[in-house]
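To start, the structure itself, in structure tokens.
The values are calculated or read from the model by the stated rules, or taken from the named source; none is laboratory data. The shown structure was predicted, so the numbers you read here are calculated from the model rather than taken from an experiment. Neighbour counts are summed over all protein chains in view; Cβ atoms, including those assigned to glycine, are modelled from backbone coordinates with ideal geometry.
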Ligand SMILES: [Zn+2]
């Protein structure tokens, strides 16, 4: 990593995105370049409809992604298996050993987009956890309880206490990534845990707290799951991300939903941050006086956790104000995405060279 404070220029190892939603079909083709032009690899989430739960489905989805990568761009999609109550240990082990599945994703049933077929009770798939622990296959967790009696702002903390702690008592060698953490509780938990436990942190949870959703009216663009929390949680996340601790690394959770799907009587959860993600993280690290720690967070700790080689390519960021457009167009004018930071000016730009 090379930081030139006078020129306002940083060259860093090419980053990876350890949590990404690409969806499928036309939408995937439209959003993929935003990620592939910056990130070298990405963990692709399997919550499609139907979910990516078999080796064949993952292989086919990977092929569709690979055929949509713009020419001249090097990008590797890392596929994940969607866990259901009926997941087979044998299929997961085969998929992992063949290099099709890099990890498996646990969605508690009905916790977020396309999670209806997720796991209804963790005890239903004990044999799967046992296999994953034995073969070292990472378990990626959407860590929220789905009990509607638990306040939505408390669901992550409740998950840690009720589900994650008992899971790790039963499977102490299981490699776990607690995805898109949003609370001080999660930060503390991951910090205190063994090196087998890590967490991804999104750019948006570093920038917004829960007030963003209600600023002057109902702002669906800032609605995501897990939902943004109080300010003290956001501050704890910023501290964790910029701490230099290897258990925290980059995962955007960028999730494209057309504006019309977000602005409805039951709007979709998700923030589309891919086009300006690395710039958004750079802003946070700059504000925290931790630019020298950006590279390890964005481009090293994740690869080390997953046991993958570090990227040898690099990207350059320049301190130059850049206005984020209001919309990210799709095929027709009536269909569009609203990128995170829409209408805001970010201070860091990715150099084209
Ligand atoms: Zn996600």
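Here are the numbers for this structure:
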item	result
Sole exception among (1) away from the ligand (no atom under 16 Å from the Cβ); (2) under 30 Å from residue 261 (Cβ atoms); (3) not in a loop (DSSP other than H, G, I, E, B) for residue 90, by number	(2)
Residue within region 42-58 that is closer than 24 Å to residue 351 by Cα and buried (at least 22 other Cβ atoms within 10 Å of the Cβ) present	yes
Matching residues, region 243-269, being part of a loop (DSSP other than H, G, I, E, B) and buried (at least 23 other Cβ atoms within 10 Å of the Cβ)	251, 252, 253, 255, 256, 257
Top-ranked residue of region 223-242 - restricted to ones that are outside any loop (DSSP other than H, G, I, E, B) and in contact with a strand residue (DSSP E or B) (Cβ under 7 Å, 6 or more places away or on another chain), ranked as surrounded by the most Cβ atoms within 10 Å (Cβ to Cβ)	241
When residues of region 99-124 are limited to those that are away from the ligand (no atom under 15 Å from the Cβ), closer than 20 Å to residue 166 by Cα and in contact (Cβ under 8 Å) with a residue 12 or more places away in the chain, the one surrounded by the most Cβ atoms within 10 Å (Cβ to Cβ)	119
Given (1) in contact (Cβ under 8 Å) with a residue 60 or more places away in the chain; (2) under 21 Å from residue 104 (Cβ atoms); (3) touching a helix residue (DSSP H, G or I) at 6+ places or on another chain (Cβ under 6 Å), number of the condition residue 52 does not satisfy	(1)
Conditions (1) free of Cβ contacts under 8 Å to residues at least 24 places away in the same chain; (2) in contact with a helix residue (DSSP H, G or I) (Cβ under 8 Å, 6 or more places away or on another chain); number of the one not met by residue 92	(1)
Hits in region 238-274 - residues which are modelled with pLDDT of 95 or more and more than 16 Å from the ligand (Cβ to nearest atom)	238, 239, 240, 241, 242, 243, 244, 245, 246, 247, 248
Members of region 217-236 that are under 17 Å from residue 155 (Cα atoms) and within 16 Å of the ligand (Cβ to nearest atom)	223, 224, 225, 226, 227, 228
Qualifying residue in region 205-215 (condition: under 25 Å from residue 138 (Cβ atoms) and modelled with pLDDT of 95 or more)	yes
